[in-house]
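Each remark here refers to the structure printed beneath this line.
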Amino acid sequence: MQAKPQVFIRARAMTGLQPLVHSLGGDVVALMGKFNLDAALLEQPDAVLPLDRLSALMEDAAVTLDCPDFGLRLSTYQDIGVLGSLAFIALYAHTVGDAIEGIARHLPYHSPGLSLKLINDDASGLSHACYALHSIDPTHTQIVELSYGVAYQFMKSILGEDAQSVTVHLRHASISARQRYRRYFNCGLQFSQPRDALVFPHAMLGHVVDATHGDLYAAATQFVSHTMRRFPLDIGLQVETLVDRQLANGGGNVVRIAGQLNLSRSTLHRRLAQQNLSFKGIVDSVRRRRAEEYLGLHSVPLHQLAALLGYTNGVSLHRSCLRWFGEPPSLMRMRRCKDTAQE
C-alpha cells in the first residue's frame with residue numbers, strides 16, 4: 001500500500017511557542033527535539049514542518065507541562081497574521097462572507113492539510129464556518145483549540161460586539177474547566193458537536209469589514225512595518241518580501257505595494273531602477289520560486305496553485321511554466337510525483 005503523502009504547514013503556526021513553553025517552566029528546544037523538529041524553525045516563519053508532528057508536540061506539551069488549555073493559551077500569542085498573506089485577504093475583503101471565501105480559496109498557501117468550508121443552513125438561518133485540519137490524529141484536540149481560538153479572535157476583529165452572536169462548536173468533549181474556556185471565548189461554546197465550526201446568523205456574511213479596525217489592521221500592517229525595519233535601505237528586498245507575502249491577493253499590483261511603502265508608483269519604479277531592478281521582474285522571480293515549491297504540493301489542484309501565484313487563470317500559469325522551466329505545470333508535477341515515488 002502506498003504511504004499517504006506527508007502534509008506540511010508553515011512554521012509561523014508555532015508563533016508564541018517559545019515564550020509560552022518558557023512561561024510554563026519548559027524547554028522549547030528539548031520539546032521540539034522529541035519530535036525531530038529543529039528549533040531554528042522558530043525564526044523561519046515561511047519554512048515548513050509536518051503538520052502531524054506539530055499536533056503531537058502540542059499534545060505532549062499539554063501533558064508534560066500540566067497545561068490542559070495549552071492550545072488556547074498559544075492562541076493568545078497569535079492573530080490572523082499567523083496565516084501570512086491571508087491577513088491581507090481579510091483586510092481587503094468587503095464583507096465577512098468575502099473574507100471567509102478568500103481565506104478558504106487561498107488556505108493551501110499556509111498548508112494543503114487545512115480547509116475552510118462555509119455551510120449555510122437555510123432552515124435555521126445559521127452559517128457554519130468549518131475549519132478542518134486533515135492528516136492529524138483525530139484524538140488530538142490542542143491544535144484544534146488553537147485554531148478555533150485564533151479563528152474566534154479573527155471574527156471578533158471584524159465583527160466587534162456582534163461577535164457575541166457567534167457560537168463555537170467543537171467535536172471533542174471539554175478538556176478544561178468551563179471557566180478556563182470563558183477566558184478565550186466571549187460567546188457560546190458547545191462540545192461533542194457533529195463538526196468543528198464557528199456558527200453565526202447567516203445575515204452576518206453581509207457584514208461590511210472595517211479595514212481600519214484595530215486588530216485586523218494591525219495584523220496586516222505589522223508585517224509591512226517589520227519589513228521596512230528589516231531592510232531599511234534595500235527597496236528591492238522590501239518589495240520582494242511584500243510581494244511574496246501578498247502574492248495571492250494583489251501582491252503583483254504595483255499601486256498597492258507602492259502605497260504600503262508610502263511611495264508613488266513612479267517613485268517606486270525609479271528607486272528600483274537605481275538598483276537595476278524592476279517591479280515586474282521581482283514579481284516574476286517570486287512567482288517562479290513559489291511555483292517550484294507549490295508544484296511539489298501534490299494535493300493542491302493546479303487552478304488553486306495558479307490563484308496562489310496571483311494569476312486569474314490556468315493559462316497564465318501554463319505559459320509561465322513553459323517560459324521558466326521549459327515544460328507545462330502538469331508535466332512538471334507528474335515528473336516530481338514519479339521521482340518522489342522512486343525515492
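The values are calculated or read from the model by the stated rules, or taken from the named source; none is laboratory data. This one's a predicted model, so the numbers in the text were calculated from it and none came from an experiment. FYI the Cβ positions are ideal-geometry reconstructions off the backbone, even for glycines, and counts take in every protein chain you see. Please note that ligands, DNA and RNA were not included when accessible areas were found on the heavy atoms of the full protein model with its side chains. Shrake-Rupley method; radii C 1.70, N 1.55, O 1.52, S 1.80 Å.
Would you pick out the residues in region 127-137 that are open to solvent by 60 Å² or more (accessible area, probe 1.4 Å) and either at pLDDT 90 or above or in a strand (DSSP E or B) (or both)?
Within region 127-137, ASP137 is the sole residue that qualifies.
May I ask you to say which residue of PRO68, PRO112, PRO45 is under 13 Å from the mean Cα position of the chain (by Cα), surrounded by fewer than 21 Cβ atoms within 10 Å (Cβ to Cβ) and either in a loop (DSSP other than H, G, I, E, B) or modelled with pLDDT under 90 (or both)?
Only one candidate passes the filter, namely PRO45.
Give region 14-36 a look and list any residue that's out of contact with any helix residue (DSSP H, G or I) (no Cβ under 6 Å at 6 or more places or on another chain) and assigned to a loop (DSSP other than H, G, I, E, B), or say none.
Residues satisfying the conditions are LEU24, GLY25, GLY26, ASP27, LYS34, ASN36.
From the list ALA93, ALA123, exactly one residue is out of contact with any Pro (no Cβ under 6 Å at 6 or more places or on another chain), surrounded by 18 or more Cβ atoms within 10 Å (Cβ to Cβ) and among the small types (Gly, Ala, Ser). Which is it?
ALA93
Mind listing whichever residues of region 249-289 are among the small types (Gly, Ala, Ser) and open to solvent by less than 20 Å² (accessible area, probe 1.4 Å)?
Of everything in region 249-289, those that are among the small types (Gly, Ala, Ser) and open to solvent by less than 20 Å² (accessible area, probe 1.4 Å) turn out to be GLY251, ALA258.
Can you tell me which residue within region 317-343, out of those that are over 16 Å from HIS303 (Cβ atoms) and of a type in the set (Gly, Ala, Ser), is modelled with the lowest pLDDT?
Checking each candidate, the answer is ALA341.
Restricting attention to region 51-62, does a residue exist that is of a type in the set (S, T, N, Q) and either surrounded by fewer than 16 Cβ atoms within 10 Å (Cβ to Cβ) or within 26 Å of THR241 (Cα to Cα) (or both)? Don't jump to the end; show me each part of the working.
To start, the set of residues in region 51-62 that are of a type in the set (S, T, N, Q) comprises 55.
Cutting the leftovers down to either surrounded by fewer than 16 Cβ atoms within 10 Å (Cβ to Cβ) or within 26 Å of THR241 (Cα to Cα) (or both) gives us none.
The answer is no, given that none of the residues of region 51-62 is of a type in the set (S, T, N, Q) and either surrounded by fewer than 16 Cβ atoms within 10 Å (Cβ to Cβ) or within 26 Å of THR241 (Cα to Cα) (or both).
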